[in-house]
Amino acid sequence: MTDVVSSGAARTSAAGTSLDHTPPSGEVTGGEPGQQPEAGLWGDARRQLIRKPMFVIPTIFVLIMTSLAVVPFLWTSKDPLACTVSGGLSRNPPSAEHWFGTSILGCDYYAQAIYGARNSLLIALVGAIGVVLIGGVIGMLAGFFGGWTDAILSRVTDIFLGLPFLLGAIVFLTVLKTRNPWTIAAALIILGWTVIARIMRGSVIAAKHLDYVQAAKALGASRSRLMFRHILPNAVAPVVVYATILLGLFVSAEATLTFLGVGLQPPSVSWGIMITQHDGYYHEDPFLLLIPVGFVVGTVLSFILIGDALRDALDPRLR
Amino acid sequence: MTADVTLDVEGVADPSRTGPALEVTDLQVEFRTRAGLAHAVNGVTFHVDAGETLAILGESGCGKSVTAQAVMGILDSPPGFVTGGQIRYRGKDLLKMSEQQRRAVRANQIAMIFQDALSALNPVFTVGFQLAELFRKHRGMSRAEGRKRAVELLDLVRIPAARQRVRDFPHQFSGGMRQRVMIAMALALDPEVLIADEPTTALDVTVQAQIMSLLAELQRERQMGLILITHDMGVVADVADRISVMYAGRMVEQAPVHEVYARPSHPYTKALLESVPRLDQKGRQLSVIQGLPPTLTAIPPGCAFNPRCRYAREECRQPPVPPLYEVADRHASACHFWQEVRQDD
Amino acid sequence: MTEPTAEVVLETRDLVKHFPLTRGVVFKRRVGAVQAVDHVNLQLHRGETLGVVGESGCGKSTLARLLVGLEQPTSGSILLHGRDTAKMSASQIRKARRDIQLVMQDPYTSLNPRMTVADIVGEPFAIHPEVLPAKRRRARVQELIELVGLNPDHINRYPHQFSGGQRQRIGIARALALNPKIILCDEPVSALDVSIQAQVINLLEELQDELGLSYLFIAHDLSVVRHIADRVAVMYLGKVVEIGTHEEIYDHPTHPYTQALLSAVPVPDPTLRGQRDEIVLEGDVPSPANPPSGCRFRTRCWKAEEICAEEEPPLVSRQQSAHPSACHFAEERDVIHAVG
């Protein structure tokens, strides 16, 4: 990010990209006017993204993780819950038969990591999508309409913001009794949407007063046009960034809730459970902890890199 | 005006206040940005005498503000770097001084006022406190003395009810009053050179007139050298003694003010003068300078103005850059064809 | 120059806009009002340029926002081609709005950075789809881009790839898209460099001749207004204080505020230094939330007497003023030329 440069440099770089009436020599212009491809925000963003390794590599990683979650049986023939304790020692180091070794219960650790992706990713994804939808819509409405709508929605947001995250999740999951990926995601959504709502409200209010929104309004643009063409694209960037961070946070929140005994429990398989079960054995067999942590970190990092690239691509000024 | 006596005497009585106060020679500044190396200032030479007003005139991006920042030593670095030249205050090269020595010069001898007074003043302290602080730090005065001086200064810049207003915060002043506060701060330590970077651009015209006449008066009284950085040819005509016109980081014309307006000798200056609408004339077709100022990362070879110039020939498109030709007494123009430019009318 | 008989395309009658000042978030109490525009009567004729000048806070921008429908008037009316916009149905207003377009001040903020030039200039058609069938829009956008002097090949670029002057041309192209009769220019050149200003001013003049447009030209720069306007209205604190042809206002000003304003504008000619009649006003513009009684200018006026505080001077022609001037003591005074 080089947004923050001195005014002198900003001016020079602005001048650096300005064009003369006639295109500078050496530049390829698209032939006849009528034959140019239609340009648009998303089309241009896509064309730019596929050329960026910092987007392509994390995307491939996320796609692989997604395929683990969707079709784990293509990646391993072993059953993650078929556990055998052999030779008196359940924790076996990686071998030809067990690529990642075995867990304390003697289960194939590779199969567990593969099958664990589904629950971990499902919770994080459903949680993040839910948070963005609920928080985004509420923040958008509050910011766009202002007045009474804003007063009420903001107070509701404040109430939820007052709930402590962990305590709230523990109480919610204890009361609910059923513990599956959906209820855990629900807990994360209920306690997590408020921050997105606040970010969204702030950026919508900032965007609402910009000149080009006023210009469109003066042209007679409808509310939905103002909202979706002018305000939202210019307000969504901080939400996208925060959402990718949330994806990472939720992967680890799943692990935390599991650790506290209110998340998923064995015999379910998830990266969180794998971390919780083996955190005491780090000194003897570090691989037991490092493997699931590696999956979590890799996924979280990928999401953050994707979010970063996406934000840059959606801002033509940064291209 | 009675309150300014104590502040004034030092300035006028100082016999050293004659001759060039500040001399800048062949100053070069570049910005190392992601978009490449931007040559913001490319060998600028000028000087300002005590009691004189030098206007540096140019459009945005011509390097006039960067020059001022380099002289003050407040250039953002990185990305900006002074890569050559000398900035001499009373013979001493500021660029060779230690940061600490420079800071002393900056506070006591060379001061600057900015376009945006609101962001140049600290919003969380009263203006009285900010002024008194200067006296305490640099003159070792007591709190009470500093406060007394602060009131005197606000009086000096004609802020009504100064005694009460020292207790106000910057946002409680109107735009014009805020600019006066900034002038008061700049003058507090009685500098010899004042650099004013677009001091009235953000103000309404009636307020602009007040501020400019205040500045001119204070400058006369204290024999300060004033460097006025602006794009407004009207303001320049009203207050400047000499003018330096900048384009793409270079001085293209330097002359006494009457000379510039009567006989502009560089095509750029001439075109600028012809493109401003005038209050006292109607119906004149505005002449237009075609095209845009060059990108500072890719300044055209030869004369930087050549792609937009109606006098340009092959010679102008080749290096070297035209030197400053002496076209008349104290009048220099960086154009190979200055004779032609002067003849045309 | 326009014929004095040319039809009136836009008119305001006693137009008033007060912004209420409130306290409290949910239960709002009204504690006063900012009188941004106060009983303004203006007429804009076909093909003419009416300049509106004044300092910040005089209400000129609010006037523009009222005229394009971004604000609703507190009272008074806006007549478009002789028809009161307040009495129109929603669909009629929508249609009427196509005739009156806005060019904004800051070319850096008035274009959506995430839309291409084609989208920006084509947006009026997207909002008013009945004007032009979708498949002809792209060609029309290219026509418009060419009309304002830009390269039509560049329509797939984003605003940040253009310089300030070019962006302002894009803004003008957007305003021209629906073939309006009237264009409101709200400080269209004040954010531009001098050499670029001239380009845009000349473009506006060419377009006016070519398309028969009427301009309401709002600016604080009196030199620019002198250059472009046929008639000029001077505003102070929400009111028009003097109105007339450009000669009447610039060469024969009769209101003290107009005189002070003109006198304060520097002329790029050092030989006039000290030769002009100089009026330096004291103090700042009072707050429009609490304007002075009677004549609003009296607190800064050197001519003010008791009557000025008691009685508001109407905007009428007077013995000493051939054109309407809202001053009890209206009197000619030349402030822009060298004296004697």
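Laid out as a table, the results:
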| read-out | value |
| --- | --- |
| Spread of Cα-to-Cα distances over 5 Å intervals beginning at zero, given as percent, for the range A:41-318 | 1, 6, 11, 13, 15, 14, 12, 10, 7, 5, 3, 2, 1, 0, 0, 0 |
| Gained length - A:K52 relative to A:L163, 0.36 nm times residue gap less alpha-carbon distance | 35.9 nm |
| Peptide C:242-253, shielding by other chains (average Cβ, 10 Å cutoff) | 1 |
| Charge context of B:D93, other residues only, Cβ under 11 angstrom, K/R +1, D/E -1 | +4 |
| Nearest-10 value in Å² for the accessible area of A:I64, using the 1.4 Å probe | 70 |
| Value of Rg/Rh across chain B [Cα atoms, Kirkwood radius] | 0.99 |
| Cut-off under 5 Å, modelled amide H: who pairs with C:R157 long-range | C:V117, C:A118 |
| Size of electric dipole in the protein assembly as shown: Cβ of Lys, Arg +1 and of Asp, Glu -1, about Cα centre, debye, nearest 20 | 3180 |
| Mean-position separation - Cα centroids, the range A:130-172 and the range C:275-326, in angstrom | 53 |
| Cα centroid separation, the range B:83-119 to the range C:93-150 (Å) | 49 |
| Inter-chain shielding of C:215-224 (mean C-beta neighbours from other protein chains, 10 Å cut-off) | 2 |
| Per-residue SASA entry for C:T258, accessible area with 1.4 Å probe, Å² rounded to 10 | 0 |
| By accessible area with a 1.4 Å probe, ligands and nucleic acids excluded, highest first: order of A:F172, B:F46, A:F144, A:F73 | A:F73, A:F172, A:F144, B:F46 |
| Net dipole in debye of the range A:218-319 [+1 Lys, Arg Cβ; -1 Asp, Glu Cβ; about Cα centre; nearest 20] | 920 |
| Compactness of the protein assembly as shown as Cα Rg over 2.2 N^0.38 Å, two decimals | 1.11 |
| Accessible carbon and sulfur surface of the range A:41-318 relative to its total accessible area, %, 1.4 Å | 71 |
| Highest-MSF residue in chain C out of C:L50, C:L216, C:L192 [GNM, Cα springs under 10 Å] | C:L192 |
| Solvent-accessible surface (1.4 angstrom probe) belonging to A:C83, in square angstrom, nearest 10 | 50 |
| Accessible area in the full protein assembly, largest first, 1.4 Å probe, for B:T201, C:T49, C:T299 | C:T299, B:T201, C:T49 |
| Helix-derived mean residue ellipticity, 222 nm - over the protein assembly as shown, DSSP H n ≥ 4, -39500 (n - 2.57), to 500 | -13000 deg cm²/dmol |
| Surrounding net charge for B:L154, when Lys and Arg each add one and Asp and Glu each subtract one, Cβ distance under 9 Å | +2 |
| Residue-by-residue Karplus 3J(HN,Hα) for the range C:37-53, coefficients 6.51, -1.76, 1.60, Hz, glycine and proline x | 10, 10, 6, 9, 10, 9, 10, 10, 8, 4, x, 9, 10, 9, x, 10, 10 |
| Set of aspartates and glutamates with alpha-carbon distance to C:K181 below 16 Å, sequence-local pairs under 8 removed | C:E7, C:E11, C:E48, C:D99, C:E205, C:E206, C:D209, C:E210 |
| Rounded Å value of the spacing that divides the Cα centres of the range B:320-337 and the range A:264-278 | 81 |
| For chain B, accessible area per residue (1.4 Å probe, heavy atoms of protein chains only), Å² | 40 |
| Environment charge of A:W99, counting only residues whose C-beta is closer than 13 Å and scoring Lys/Arg +1, Asp/Glu -1 | -1 |
| Shielding of B:289-300 by partner chains, average beta-carbon count, 10 Å | 5 |
| Burial ranking of peptide ranges B:105-116, B:241-252, A:222-233, C:125-136 (average Cβ count within 10 Å, highest at the top) | B:241-252, B:105-116, A:222-233, C:125-136 |
| Total charge dipole magnitude, chain C, about the Cα centre, Cβ charges on Lys, Arg, Asp, Glu only, Debye to nearest 20 | 1900 |
| Sites C:S75 and C:N179 - FRET efficiency at Förster radius 22 Å, r taken between beta-carbons, to 0.05 | 0.10 |
| Cut-off under 5 Å, modelled amide H: who pairs with C:S317 long-range | C:S325 |
| Of B:K64/B:K137; B:K96/B:K137; A:K208/C:K87; A:K208/C:K95; B:K92/B:K270; A:K52/A:K208, pairs whose Cα-Cα distance is over 26 Å | B:K64/B:K137; A:K208/C:K87; B:K92/B:K270; A:K52/A:K208 |
| Heavy-atom accessible area ranking, 1.4 Å probe, most first, across C:V53, A:V195 | A:V195, C:V53 |
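The values are calculated or read from the model by the stated rules, or taken from the named source; none is laboratory data. All values reported here derive from a predicted model rather than from experimental measurement. Glycine also receives a Cβ, built like all others from the backbone with ideal geometry; neighbour counts cover every protein chain displayed. Please note that ligands, DNA and RNA were not included when accessible areas were found on the heavy atoms of the full protein model with its side chains. Shrake-Rupley method; radii C 1.70, N 1.55, O 1.52, S 1.80 Å.
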